[in-house]
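Worksheet: one structure, shown below.
The values are calculated or read from the model by the stated rules, or taken from the named source; none is laboratory data. What you see is a predicted model; the values in this text were computed from it and never measured. Using ideal geometry, Cβ is built from the backbone for each residue, glycine included, and neighbour counts are taken over all protein chains shown. For the accessible areas, the whole protein counts, side chains as well, though only heavy atoms, and no ligand, DNA or RNA atoms are used. Shrake-Rupley method; radii C 1.70, N 1.55, O 1.52, S 1.80 Å.
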Amino acid sequence: MECLFIQTSSNVTSISDLGSLSAFISENELSHVFVSKAYNVTGLVTSAAIYPVSSTCDLPNGPYIVSISPCETGLSITPAYGLHEDVYESFMSGSIPNSAIAGAHLTMQVSIPGTRLPSIIVPSKIASTITTREAGPLAGLRFATKDIFHITGLKTSGGSRAYYQVYGPQNYTTETVAKSLAGGAQLIGKTRTIAFALSAPRNGAEIDYLDPWNSRGDGYQTTGGSSSGSGSAVTAYEWVDFTIGSDTGGSVRFPARFGGLYGYKPTHGIFNLTGILAAIKEQDTPGFLTRSPSIFVKLGKWWAKATPLEETADIPMPSNLLYFADEPALVQPEAEAMKLEFFDQVAAAFNMSTSSINVASAWLANGPSNGQPISEYMAYVYSDQNSIQFYDTIGKTLAELYGEYNNGSFFPADPMVNASWYDALNETTIARAPQSIRKRELFAEFWNSNVMISSNATCSESFFAHSLHIAPGMEKVTHTPTSVAWYYWAGVNTNFAGIPEIVVPIGQIQYWSPYTLRYEWQPVTVAFAVAKGCDLKLFELVEKLEGLGLLKETLPGKVAYYTDEVW
């Protein structure tokens, strides 16, 4: 430290403790000391240069750049920011607060000569760690948000160049972003997304913006989509504490799975979707991702403030762990063993009873399908809703506006956007859509009556414990045909039912990479769900498991944990 700025909020001239100040300057070898004129420093003896300055500002603590005019007639103080290159292509853009408009932000990033990618401007944590003002529970945390969320002053791309072109800066900040800012967290930018959150990464087939990279393992694993940039950023970078994404069919939980992150998909309807380019409004929820269980719990409790979720805060946790009896064993024996051991530890830690449910059998016995398996009954439910809502709420207007800007041309679009567009115009899809909507509603009734059952005593009868883990794939280099998501998959049941679910990392295992030609490390994750409205029970579980040492913070970068074999 070479410089010190001493300020006061008082307008009354006061006498400083000159002896103490002189000793402090000497001990810290300060060369420049700026002192508010409200202090009387007459008689201060020191070798440092002393600058009495007028100060009416209440500056937060932090690093600043101080500029003195040649004539010493004024003092300019500017916050200092760090610059971090986005080497994994996680970000759409960086941003900083707009000091001229309360609550607004400006798109801002810096390209450093000789580097391939723009650098994100990152504020210091010092400004919000120790302050005389109420900083909020999220003080000192930096976050980014998926670029389907509107933020005042920033443009929204939705992963589409056409959308970015025709819509100007937004004048509204969506609820969960505003809530995070109100808690003291600092927004540093927007992360990339699959175009309009309509799919998963397409192996470089995108024509708008290439999908981000996953830093784990061999570097060729998928980010999961569609909150791909949000997953990529918080997986890779120490300077990102959490990210916000959205989950329509797994788009927060899948990036958590591939990154070894803590991921939260809330109860549907708790958080406002206004200002979000929603894929299916009856299923969409905002959510968040982080490496830290402590930040995960802190953020979850803050988001729950002033919502119906708070009503369950004092209710005991569920005392039963419910297993998915017909969940197939993981193809990697080490991951399967790790999963089973972890669930045993959870049950033992809280003296929980355990039970299991064969969902397929329960469906055939109690579901609405008259003997038709879930996968057949729910086929086309997701794609029918997704295609038609995209066309009705985004695509049709976008095509009209883009044509006005571009001499009648149709907007350029990624293959999945085109597939959804034409699927929405298909007569079979249009005729089937009302039935698909009704099927989703009936599925929710079945799931919430037979699997995730509410309880007056513990909010949810059980914690539903299962896994979304899969072995490494080759999505980044192997072409997959473009198709709307007409099928039923593991994880989408949570969205159909509207229940909350979290993903937590529990360890890592080795796998052989055909790209690096050596063994790499892959995170292993599990998932917990509860009944609707019981979200805080999930955060209570994580908080207690962290306290017991069963859950830990994961590392940014190539590996999720350091072990004796990983240095």
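So the values come out like this:
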quantity: Number of the exception - L261 against (1) open to solvent by 10 Å² or more (accessible area, probe 1.4 Å); (2) in contact with a Leu (Cβ under 7 Å, 6 or more places away or on another chain); calculated: (1)
quantity: Hits in the range 241-280 (condition: under 10 Å from the mean Cα position of the chain (by Cα) and of a type in the set (V, I, T)); calculated: T243, I244, V252
quantity: The range 323-360: number of residues that are part of a helix (DSSP H, G or I) and open to solvent by less than 30 Å² (accessible area, probe 1.4 Å); calculated: 7
quantity: Of all residues in the range 38-65 being surrounded by fewer than 13 Cβ atoms within 10 Å (Cβ to Cβ) and at pLDDT below 80, the one that is nearest to A135 (Cα to Cα); calculated: D58
quantity: Single match in S180, S99, S95, S160 (criterion: modelled with pLDDT under 95 and either more than 27 Å from S226 (Cβ to Cβ) or buried (at least 17 other Cβ atoms within 10 Å of the Cβ) (or both)); calculated: S99
quantity: Qualifying position, being modelled with pLDDT under 95 and either open to solvent by less than 10 Å² (accessible area, probe 1.4 Å) or aromatic (F, W, Y) (or both), among Y519, Y515, Y488; calculated: Y515
quantity: Residue tally, condition within 30 Å of I148 (Cβ to Cβ), touching a residue at least 24 places away in the same chain (Cβ under 8 Å), in a loop (DSSP other than H, G, I, E, B) and in contact with a strand residue (DSSP E or B) (Cβ under 9 Å, 6 or more places away or on another chain), over the range 61-113; calculated: 7
quantity: Leading residue by the ranking (farthest from Y382 (Cα to Cα)) among those in the range 189-203 that are open to solvent by 30 Å² or more (accessible area, probe 1.4 Å) and within 17 Å of the chain's Cα centre (by Cα); calculated: R192
quantity: Long-range neighbours under 8 Å by Cβ, at least six apart or interchain, first residue open to solvent by less than 30 Å² (accessible area, probe 1.4 Å) within the range 387-402, second of a type in the set (D, E) and in a helix (DSSP H, G or I); calculated: S387/D423
quantity: Residue match in the range 227-235 (condition: open to solvent by 10 Å² or more (accessible area, probe 1.4 Å) and not β-branched (V, I, T)); calculated: no
quantity: All positions within the range 409-456 that are of a type in the set (V, I, T), in contact (Cβ under 8 Å) with a residue 60 or more places away in the chain and within 30 Å of R161 (Cα to Cα); calculated: V417
quantity: Test: residue in the range 71-82 that is modelled with pLDDT of 85 or more and open to solvent by 60 Å² or more (accessible area, probe 1.4 Å); calculated: yes
quantity: Residues that are farther than 11 Å from H466 by Cβ and touching a Ser or Thr at 6+ places or on another chain (Cβ under 8 Å), drawn from the range 336-356; calculated: A347, F350, N351, M352, S353, S355
quantity: Scope the range 147-173; condition in a helix (DSSP H, G or I) and aliphatic (A, V, I, L, M); matching residues; calculated: A162, V166
